[in-house]
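*Asks:* I have a structure here, written as structure tokens, and I will follow up with some questions on it.
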Ligand code: GLU
């Protein structure tokens with residue numbers, strides 16, 4: 001098998017590929033984090049591989065349970081089930097960071113005992129001022145080190161005023177932190193440019209750098225694919241893991257998704273949450289096929305399932321340049337998904353209103369009529385109403401088209417219908433012969449009369465499905 005994936009399944013490392021998605025439950029999943037989840041799920045898919053879900057809810061004010069439920073539901077809808085994490089469990093739980101504080105304590109202590117972390121009593125106001133001064137002196141803002149070398153006595157004294165200091169990691173001086181990014185290649189950072197950073201907040205909760213790194217190590221995560229915005233966090237996290245003697249995963253920082261103007265993707269560019277896409281009637285396979293190609297190149301331009309996407313997923317195909325969101329592409333995959341769906345799936349997807357209006361016995365004729373002309377359930381509902389509901393209401397624009405054709409045209413059409421009630425070609429030819437009208441002037445008034453639209457399903461199919469009685473009724477209505 002030509003498997004160029006890193007750690008191809010035939011290699012011994014294949015036994016140990018474990019990826020993860022580690023969202024903070026502070027909102028609904030959008031295209032950006034859904035793509036991060038997808039890439040990790042693809043890399044972690046297959047025999048001997050694990051895709052893990054961890055909820056990073058250390059921010060007590062902003063994390064909400066309803067967002068946890070929503071993100072689990074959205075991942076399941078996308079087909080991105082996890083083998084370890086909430087609901088399914090696993091040997092490295094709990095999988096909510098808010099429940100792992102006791103575990104983190106051990107590591108804070110270990111760092112403190114080796115003087116690799118120290119309590120910081122600086123107030124928010126002091127820190128703000130210091131950053132401001134640094135900036136105005138043209139220096140990058142970083143912690144001044146004010147509390148870095150307090151004596152034990154001094155610390156005791158300070159604790160009396162402020163019993164809840166933060167805990168800062170002591171960044172070693174004159175070190176180069178180097179790592180090979182799975183996407184961006186070799187990276188080097190100078191430790192002197194990194195100020196001592198907070199690993200435990202004043203309220204006792206773990207800071208992102210800390211819990212995120214510790215948990216990846218404790219949970220045995222081997223590969224992390226995450227947004228490029230985390231690239232500069234990685235050297236800090238590697239320092240923490242190194243200080244604790246814990247194994248670091250390999251990191252790959254994927255490019256950001258941007259809108260048509262190159263700015264980070266937002267609502268303004270038409271970006272929506274996975275939830276909104278689902279409500280609109282997008283197929284999960286459409287979203288997955290689109291996202292998989294947003295910043296990752298596939299030779300195969302056809303519609304692929306998750307196994308196929310996973311089999312062709314490779315680090316060297318992840319782009320370094322920002323990935324541009326394109327709503328037309330998403331729609332393209334929606335059509336592909338519709339073409340790939342079974343009649344049963346489409347019927348369910350159309351929704352209860354359509355099913356009721358059309359009825360089981362007319363299901364197949366309806367699907368055959370409209371599938372090529374719709375993208376979403378609302379379109380299906382529109383056509384179900386057009387086809388099976390009378391009287392057909394015509395918009396002002398359609399009334400004009402009908403009026404322009406004139407009474408004589410519709411009288412001839414009614415005569416032609418008696419001769420050719422189910423054969424559009426013969427029917428339209430007969431009108432053409434009788435009236436001399438052809439082309440657009442012939443077809444548009446007929447479409448308007450039959451459907452109230454100038455575009456839509458094939459006329460020959462429409463005639464068969466509407467049936468002579470409805471057609472007669474609609475042509476007669478145009479005589480008035
Ligand atoms: N909770 C972090 C986030 O949502 C995780 C970052 C990471 O993947 O390491 O941004």
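The values are calculated or read from the model by the stated rules, or taken from the named source; none is laboratory data. Please read all numbers here as calculations on a predicted model, not as lab measurements. Positions of Cβ are backbone-derived with ideal geometry, glycine not excepted, and every protein chain shown enters the neighbour counts.
*Asks:* Of all residues in segment 190-205, which are in a strand (DSSP E or B) and either in contact (Cβ under 8 Å) with a residue 60 or more places away in the chain or within 23 Å of residue 163 (Cα to Cα) (or both)?
*Replies:* Quick first cut of segment 190-205, residues in a strand (DSSP E or B) only: 190, 197-200.
Matches in segment 190-205: 197, 198, 199, 200.
*Asks:* Consider segment 20-41. How many of its residues are touching a residue at least 40 places away in the same chain (Cβ under 8 Å) and over 14 Å from the mean Cα position of the chain (by Cα)?
*Replies:* Total meeting the criteria: 4.
*Asks:* Any idea which of 26, 36 is closer than 19 Å to residue 277 by Cβ, within 16 Å of the ligand (Cβ to nearest atom), modelled with pLDDT of 95 or more and not in a strand (DSSP E or B)? If you could, list the steps in order and put the result at the bottom.
*Replies:* Values: 26 fails: closer than 19 Å to residue 277 by Cβ.
The conditions single out 36.
*Asks:* Let me confirm something: among 260, 269, 296, which residue is closer than 21 Å to residue 229 by Cα and crowded, with 20+ Cβ neighbours inside 10 Å?
*Replies:* Numbers: 260 fails: crowded, with 20+ Cβ neighbours inside 10 Å; 269 fails: crowded, with 20+ Cβ neighbours inside 10 Å.
One residue alone meets the criteria, 296.
*Asks:* Run residue 208 past the list (1) in contact (Cβ under 8 Å) with a residue 60 or more places away in the chain; (2) touching a strand residue (DSSP E or B) at 6+ places or on another chain (Cβ under 9 Å); (3) within 16 Å of the ligand (Cβ to nearest atom) and report the number of the one that doesn't hold.
*Replies:* Unmet for residue 208, out of (1) in contact (Cβ under 8 Å) with a residue 60 or more places away in the chain; (2) touching a strand residue (DSSP E or B) at 6+ places or on another chain (Cβ under 9 Å); (3) within 16 Å of the ligand (Cβ to nearest atom): (2).
*Asks:* Restricting the search to segment 220-233, which residues are touching a residue at least 40 places away in the same chain (Cβ under 8 Å), over 17 Å from the mean Cα position of the chain (by Cα) and within 12 Å of the ligand (Cβ to nearest atom)?
*Replies:* 221, 223, 224, 231
*Asks:* May I ask you to verify whether residue 159 is part of a helix (DSSP H, G or I) and more than 16 Å from the ligand (Cβ to nearest atom)?
*Replies:* Details: part of a helix (DSSP H, G or I): yes; more than 16 Å from the ligand (Cβ to nearest atom): yes.
So residue 159 passes the test.
*Asks:* Restricting segment 121-163 to residues that are in contact with a helix residue (DSSP H, G or I) (Cβ under 9 Å, 6 or more places away or on another chain) and at pLDDT 95 or above, which is nearest to residue 196 (Cα to Cα)?
*Replies:* Per the criteria, the residue is 143.
*Asks:* What residue, among those in segment 234-251 that are out of contact with any helix residue (DSSP H, G or I) (no Cβ under 6 Å at 6 or more places or on another chain) and under 16 Å from residue 22 (Cβ atoms), is nearest to the ligand (Cβ to nearest atom)?
*Replies:* The residue in question is 234.
*Asks:* While we're looking at this one, here's another question. Could you say which residue among 264, 249, 235 is under 27 Å from residue 322 (Cβ atoms) and modelled with pLDDT under 95?
*Replies:* 264
*Asks:* Related question: From the set of residues in segment 48-61 that are touching a helix residue (DSSP H, G or I) at 6+ places or on another chain (Cβ under 8 Å) and modelled with pLDDT under 95, which is nearest to the ligand (Cβ to nearest atom)?
*Replies:* Just the residues of segment 48-61 that are touching a helix residue (DSSP H, G or I) at 6+ places or on another chain (Cβ under 8 Å), to begin with: 48-49, 51, 53-58, 60.
Next, only the ones that are modelled with pLDDT under 95 stay: 48, 58, 60.
Details: 48: 23, 58: 9, 60: 14 Å.
My answer is 58.
*Asks:* For segment 166-178, give me each residue that is surrounded by fewer than 18 Cβ atoms within 10 Å (Cβ to Cβ) and in contact (Cβ under 8 Å) with a residue 12 or more places away in the chain. It would help to see each step written out before you state the result.
*Replies:* Applying the first criterion (surrounded by fewer than 18 Cβ atoms within 10 Å (Cβ to Cβ)) to segment 166-178 yields 172-176, 178.
Those that are surrounded by fewer than 18 Cβ atoms within 10 Å (Cβ to Cβ) and in contact (Cβ under 8 Å) with a residue 12 or more places away in the chain: 172, 173, 174, 175, 176.
*Asks:* For residue 365, are the conditions met, namely being surrounded by fewer than 16 Cβ atoms within 10 Å (Cβ to Cβ), within 37 Å of the chain's Cα centre (by Cα) and assigned to a helix (DSSP H, G or I)?
*Replies:* Numbers: surrounded by fewer than 16 Cβ atoms within 10 Å (Cβ to Cβ): yes; within 37 Å of the chain's Cα centre (by Cα): yes; assigned to a helix (DSSP H, G or I): yes.
Yes; evaluated as a whole, the condition is true for this residue.
*Asks:* Going through segment 39-65 one residue at a time, which ones are surrounded by 16 or more Cβ atoms within 10 Å (Cβ to Cβ) and not in a loop (DSSP other than H, G, I, E, B)?
*Replies:* Scanning segment 39-65 gives 39, 40, 41, 42, 43, 49, 50, 51, 52, 53, 55.
*Asks:* Answer with yes or no whether residue 348 is in a helix (DSSP H, G or I), under 18 Å from the mean Cα position of the chain (by Cα) and free of Cβ contacts under 8 Å to residues at least 60 places away in the same chain.
*Replies:* no
*Asks:* Residues of segment 62-84 being in contact with a helix residue (DSSP H, G or I) (Cβ under 7 Å, 6 or more places away or on another chain) and closer than 16 Å to residue 30 by Cβ, which ones?
*Replies:* Matches in segment 62-84: 70, 74, 75, 77, 78, 80.
*Asks:* Considering each of 204, 185 in turn, give the residue that is within 31 Å of the chain's Cα centre (by Cα) and at positive phi. Break it down stepwise before answering.
*Replies:* Numbers: 204 fails: within 31 Å of the chain's Cα centre (by Cα).
Being within 31 Å of the chain's Cα centre (by Cα) and at positive phi holds for just one of 204, 185, which is 185.
*Asks:* A further question on this structure: Return the total of residues in segment 146-156 being touching a residue at least 24 places away in the same chain (Cβ under 8 Å) and assigned to a helix (DSSP H, G or I).
*Replies:* Residues in segment 146-156 being touching a residue at least 24 places away in the same chain (Cβ under 8 Å) and assigned to a helix (DSSP H, G or I): 1 in total.
*Asks:* Let me ask something additional. Could you list, in sequence order, the residues of segment 257-290 that are outside any helix (DSSP H, G or I) and either within 18 Å of residue 42 (Cα to Cα) or over 14 Å from the mean Cα position of the chain (by Cα) (or both)? Full working, then the answer.
*Replies:* Just the residues of segment 257-290 that are outside any helix (DSSP H, G or I), to begin with: 257-266, 270-273, 281-283.
Within segment 257-290, 259, 260, 261, 262, 263, 264, 281 meet the criteria.
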